[in-house]
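The values are calculated or read from the model by the stated rules, or taken from the named source; none is laboratory data. Small disclaimer: the values here were computed from a predicted structure and weren't measured. All Cβ positions, glycine included, derive from the backbone under ideal geometry; neighbour counts span all protein chains shown. Note: areas computed on protein heavy atoms with side chains; ligands, DNA, RNA excluded. Shrake-Rupley method; radii C 1.70, N 1.55, O 1.52, S 1.80 Å.
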Amino acid sequence: MSEATPLWSGRFESAPDAAAFEWGSSFGFDRRLFEDDVTGSRAWARALALAGVLSTSEAATLDTALADLLARGRAEPSFVNGPDEDVHSFVERHLVELLGDTGRRLHTGRSRNEQVSLDLRLYLKRRIPLVQERVRQVVHALLTAGSAAHDALMPAFTHFRPAQPVLVAHFFLAHASALRRDFDRLALASREADALPLGSGAVAGTSYPIDVVQLARDLGFSRVVENSIDASSDRDFAATFLYACSLTMVHISRLSEDLIVLCGDEHRFFELSDSLSTGSSMMPQKKNPDPLELVRGKTGRAIGHLMALLTTLKGIPSGYNKDLQEDKQAVFDAEDTLAGCLGVVQAVVSGLTVNRERTSRAASGLLLATDVADYLVGRGVPFRRAHEIVGALVRRLVAEGRDFDSLSMAEWRAASELFGEDVVTRVTARASVAAKCTPQSTAPHAVERTLADFKTWVDRAGLGLPVGVATAK
Ligand code: ARG
């Protein structure tokens, strides 16, 4: 038999079928959990010593060997390789090769079922903050773009038809708001992973007197799982992480779609930096937004991983089942996909320029109709009636290919006696924006406040300080 005898070979007369063994092995991808597996094993050795199962010197020997193994794996990533069934078997094989029977004692009272859950929990707790940092950097880029836009105006859309004037900063902050929720959602996923599964054994718990509360503390967990059967098949934390990744992807996909359209020739609200655009092999005039299209395209992949895991989870009976091995590639690929996309979106947003002339021209015209109706409401006209009057006026202007600002005073008055000279100054994009007065609106003072609030958030989140949920202004 190869030097990587499976951990369970004693039960069988013959060696496993080589092809099926290799096909079912997870070492090719769970080697990514190497560091966490070693961390967990070192803590387990300490816990076994505290429980009196290992002598202090055995635990110390194991700890040194594990630390050396980790150092070697870090220095030489290709070392973490071999014919082993999984990363847990790899670590144990090396310990036994190195320490003989002392190495053989480490797995006392422990099962790979809980070990794999532990490793993935430790991994997510370690990696989620890195993803959050990338989310924060995109928020920072949006904030910077918003501040740089000053008082530039643009239309906001509903049904992708120009709806009402807004500040360009308000548009960037809209996307920042969604990403700020994603940051919090990722924190929730980390919190869900934050429970120690060790002590669950294979499914029923362990019969060695392990102080799991102390062990949880040792490994940086804030709590211990509640039920050993549940713990061995619980991958909710992985599903929550995949959901958080998927929704973040959905948000940056929508941002990408906005930018693809609004940077396009029909709008030209924003200009993509050349370095983040691509050309055509045939059409010399093309400036394509490939990175943004790829972000949009890869979103399906992240959502696919969530669907795949949920589908895997829905059918398994209680306790560990090998189906659960499918969790890891989903988690790793979703993480890589999201991290890569966030990086490119951050670069694209940082490289954007606002074409103020185009955005402000698009922010006026008939999309001021609501402001005209509000003018009449200010003169005492019931809103529904004002809507009818302005609707009729718009119908006429559309037919004649004109705007409100081409109307003479006589024409205003013909639509309603209540229009006064001031209608000319009241019906502008700038006045429309200034007239808004709720804290979440595009009113310049509200946007100013939101920018300041986001700035504090970005700074605090960058320092790892608690950021809390957005508060009322
Ligand atoms: N490679 C396995 C996984 O990823 C580790 C746990 C194996 N446990 C077992 N009883 N086969 O789920």
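Taking the condition open to solvent by 50 Å² or more (accessible area, probe 1.4 Å), over 21 Å from A163 (Cα atoms), part of a helix (DSSP H, G or I) and without any contact (Cβ under 8 Å) to a residue 60 or more places away in the chain, does A414 pass? Spell out how you get there, then give the answer.
On the way: open to solvent by 50 Å² or more (accessible area, probe 1.4 Å): yes; over 21 Å from A163 (Cα atoms): yes; part of a helix (DSSP H, G or I): yes; without any contact (Cβ under 8 Å) to a residue 60 or more places away in the chain: yes.
Here the answer is yes, as A414 does meet what is asked.
Among the listed residues S256, S273, S281, identify the single one that is small (G, A, S), surrounded by fewer than 15 Cβ atoms within 10 Å (Cβ to Cβ), out of contact with any strand residue (DSSP E or B) (no Cβ under 7 Å at 6 or more places or on another chain) and touching a residue at least 60 places away in the same chain (Cβ under 8 Å). Full working, then the answer.
Details: S256 fails: surrounded by fewer than 15 Cβ atoms within 10 Å (Cβ to Cβ); S281 fails: touching a residue at least 60 places away in the same chain (Cβ under 8 Å).
Criteria check complete, one pass: S273.
Can you tell me which of R126, R121, R134 is open to solvent by less than 60 Å² (accessible area, probe 1.4 Å), of a type in the set (D, E, K, R) and either touching a strand residue (DSSP E or B) at 6+ places or on another chain (Cβ under 6 Å) or within 30 Å of R191 (Cβ to Cβ) (or both)?
Values: R126 fails: open to solvent by less than 60 Å² (accessible area, probe 1.4 Å); R134 fails: open to solvent by less than 60 Å² (accessible area, probe 1.4 Å).
Sole residue among the options that is open to solvent by less than 60 Å² (accessible area, probe 1.4 Å), of a type in the set (D, E, K, R) and either touching a strand residue (DSSP E or B) at 6+ places or on another chain (Cβ under 6 Å) or within 30 Å of R191 (Cβ to Cβ) (or both): R121.
Quick check on this structure: which one of R181, R185 is in a helix (DSSP H, G or I) and either open to solvent by 60 Å² or more (accessible area, probe 1.4 Å) or touching an Asp or Glu at 6+ places or on another chain (Cβ under 9 Å) (or both)?
Details: R185 fails: either open to solvent by 60 Å² or more (accessible area, probe 1.4 Å) or touching an Asp or Glu at 6+ places or on another chain (Cβ under 9 Å) (or both).
Every option except R181 fails the conditions.
Within region 359-374, is there a residue that is out of contact with any Leu (no Cβ under 6 Å at 6 or more places or on another chain), basic (K, R), touching a residue at least 40 places away in the same chain (Cβ under 8 Å) and open to solvent by 10 Å² or more (accessible area, probe 1.4 Å)?
No, because not a single residue in region 359-374 is out of contact with any Leu (no Cβ under 6 Å at 6 or more places or on another chain), basic (K, R), touching a residue at least 40 places away in the same chain (Cβ under 8 Å) and open to solvent by 10 Å² or more (accessible area, probe 1.4 Å).
Suppose we filter R460, R385 for residues that are open to solvent by 60 Å² or more (accessible area, probe 1.4 Å), closer than 28 Å to L143 by Cα and assigned to a helix (DSSP H, G or I); which single one remains? Lay out the reasoning, then the answer.
On the way: R385 fails: closer than 28 Å to L143 by Cα.
Checking each option against the conditions leaves just R460.
Going through region 394-403 one residue at a time, which ones are free of Cβ contacts under 8 Å to residues at least 24 places away in the same chain, surrounded by 11 or more Cβ atoms within 10 Å (Cβ to Cβ) and in a helix (DSSP H, G or I)? Break it down into steps so the answer makes sense when it comes.
Step one: filter region 394-403 for residues free of Cβ contacts under 8 Å to residues at least 24 places away in the same chain, giving 395-396, 399-402.
So of that shortlist, the ones also surrounded by 11 or more Cβ atoms within 10 Å (Cβ to Cβ) come out as 396, 402.
Hit for region 394-403 is R396, nothing else.
Looking at (1) under 20 Å from P197 (Cβ atoms); (2) of a type in the set (D, E, K, R); (3) away from the ligand (no atom under 14 Å from the Cβ), which is the one condition that is false for R32?
Failing condition for R32: (3).
Residue by residue through region 93-132, note down the ones that are over 24 Å from S207 (Cα atoms) and among the charged types (D, E, K, R).
R93, E97, K125, R126, R127 - these are the residues of region 93-132 that are over 24 Å from S207 (Cα atoms) and among the charged types (D, E, K, R).
With crowded, with 22+ Cβ neighbours inside 10 Å, touching a helix residue (DSSP H, G or I) at 6+ places or on another chain (Cβ under 8 Å) and under 18 Å from S117 (Cα atoms) as the only criterion, which of A195, A145, A202, A238 stands out?
Numbers: A195 fails: crowded, with 22+ Cβ neighbours inside 10 Å; A145 fails: under 18 Å from S117 (Cα atoms); A202 fails: crowded, with 22+ Cβ neighbours inside 10 Å.
Unique residue meeting the criteria: A238.
Check A47, A4 and return the single one that is part of a helix (DSSP H, G or I) and more than 13 Å from the ligand (Cβ to nearest atom).
A47
What is the number of the single condition among (1) surrounded by fewer than 22 Cβ atoms within 10 Å (Cβ to Cβ); (2) closer than 30 Å to N113 by Cβ; (3) away from the ligand (no atom under 16 Å from the Cβ) that K322 does not meet?
The number of the failed condition is (3).
In region 60-101, which residue that is within 16 Å of the ligand (Cβ to nearest atom) and among the acidic types (D, E) is nearest to D119 (Cα to Cα)?
The residue in question is D86.
Just checking, does region 104-114 include any residue being within 16 Å of the ligand (Cβ to nearest atom), surrounded by fewer than 24 Cβ atoms within 10 Å (Cβ to Cβ) and on the phi > 0 side of the Ramachandran plot?
Yes: one or more hits.
Do we find that K328 is within 16 Å of the ligand (Cβ to nearest atom), part of a helix (DSSP H, G or I) and either touching a residue at least 60 places away in the same chain (Cβ under 8 Å) or out of contact with any helix residue (DSSP H, G or I) (no Cβ under 8 Å at 6 or more places or on another chain) (or both) in this structure?
Working: within 16 Å of the ligand (Cβ to nearest atom): yes; part of a helix (DSSP H, G or I): yes; either touching a residue at least 60 places away in the same chain (Cβ under 8 Å) or out of contact with any helix residue (DSSP H, G or I) (no Cβ under 8 Å at 6 or more places or on another chain) (or both): yes.
Answer is yes for this residue.
I'd like to know if region 292-305 contains one or more residues that are over 19 Å from H175 (Cα atoms), within 15 Å of the ligand (Cβ to nearest atom), in contact with an Asp or Glu (Cβ under 7 Å, 6 or more places away or on another chain) and in contact (Cβ under 8 Å) with a residue 60 or more places away in the chain. Full working, then the answer.
Quick first cut of region 292-305, residues over 19 Å from H175 (Cα atoms) only: 300-305.
Then drop every residue that is not within 15 Å of the ligand (Cβ to nearest atom), which leaves none.
Taking every residue of region 292-305 in turn, none turns out to be over 19 Å from H175 (Cα atoms), within 15 Å of the ligand (Cβ to nearest atom), in contact with an Asp or Glu (Cβ under 7 Å, 6 or more places away or on another chain) and in contact (Cβ under 8 Å) with a residue 60 or more places away in the chain.
I'm told S406 meets every condition in (1) closer than 28 Å to D151 by Cα; (2) among the small types (G, A, S); (3) surrounded by 13 or more Cβ atoms within 10 Å (Cβ to Cβ) except one. Can you identify the failing condition by its number?
Here S406 clears every test but (3).
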